[in-house]
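Data block below; observations after.
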Amino acid sequence: MVLRSLEAAEELEKDRISCEIIDPRTLVPLDIDTVVNSVKKTGRLIIVSEACRRGSVASDISARITERAFDYLHAPVKIVAGLATPIPYNSTLEQASIPQKADIIKAVKELLQKSTRQR
C-alpha cells in the first residue's frame, strides 16, 4: 500500500495537502516511535492496509498509537483497509476489494474535515 499511498500523497499535493508516508518495513519489531513522532508532528494518522480491518495489524497499530499518543491526535485514527471478504481471483475484483488511491485521498480529506470541525 506504500506505492498507492505515495501516489495519493502526490495528488493531494496539488490541493496543497501535505502527507507524511511511513513504511515500517517490518511489523515485528514495529518502529512505533517513528509513528508516534509523526502523530506528534501532524496530529493525525491514517493506516492503509490491504488486509481486512478486523483483527488486523492496522487495528493493532491504531490501538498502540491511541495508547501512546492520544493527546496529540486532532481526530480519531482512520484505517483504510480491504473489504471483509476473501480476495477474489479475478484481478478486477481483487482491485475492487483492496484500497485504491481514490480511497486513500477520500480518507485524508475526511480526516482533515473532521479535525477542522473539532477545533
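Values as computed for the structure displayed
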read-out	value
Filtered residue count, the stretch 24-60, keeping only those that are surrounded by 12 or more Cβ atoms within 10 Å (Cβ to Cβ) and assigned to a loop (DSSP other than H, G, I, E, B)	8
Cβ-Cβ under 9 Å pairs, at least 6 apart or on other chains, the stretch 30-52 side in contact (Cβ under 8 Å) with a residue 60 or more places away in the chain, far side assigned to a strand (DSSP E or B) and not charged (D, E, K, R)	Ile46/Ile79; Ile46/Val80
Cβ-Cβ under 6 Å pairs, at least 6 apart or on other chains, the stretch 4-28 side without any contact (Cβ under 8 Å) to a residue 12 or more places away in the chain, far side surrounded by 15 or more Cβ atoms within 10 Å (Cβ to Cβ) and assigned to a loop (DSSP other than H, G, I, E, B)	Pro24/Leu30
Index of the failed condition, Lys106 passing every other in (1) assigned to a loop (DSSP other than H, G, I, E, B); (2) free of Cβ contacts under 8 Å to residues at least 12 places away in the same chain; (3) within 12 Å of the chain's Cα centre (by Cα)	(1)
Number of the condition not met by Val2 [criteria: (1) aliphatic (A, V, I, L, M); (2) crowded, with 18+ Cβ neighbours inside 10 Å; (3) under 13 Å from the mean Cα position of the chain (by Cα)]	(2)
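Rule-based calculations on the coordinates, nothing more; no lab input. All figures in this text were calculated on a predicted structure; none of them were measured in a lab. Quick reminder, even Gly has a Cβ in these numbers, built from the backbone with ideal geometry, and neighbours come from all protein chains shown.
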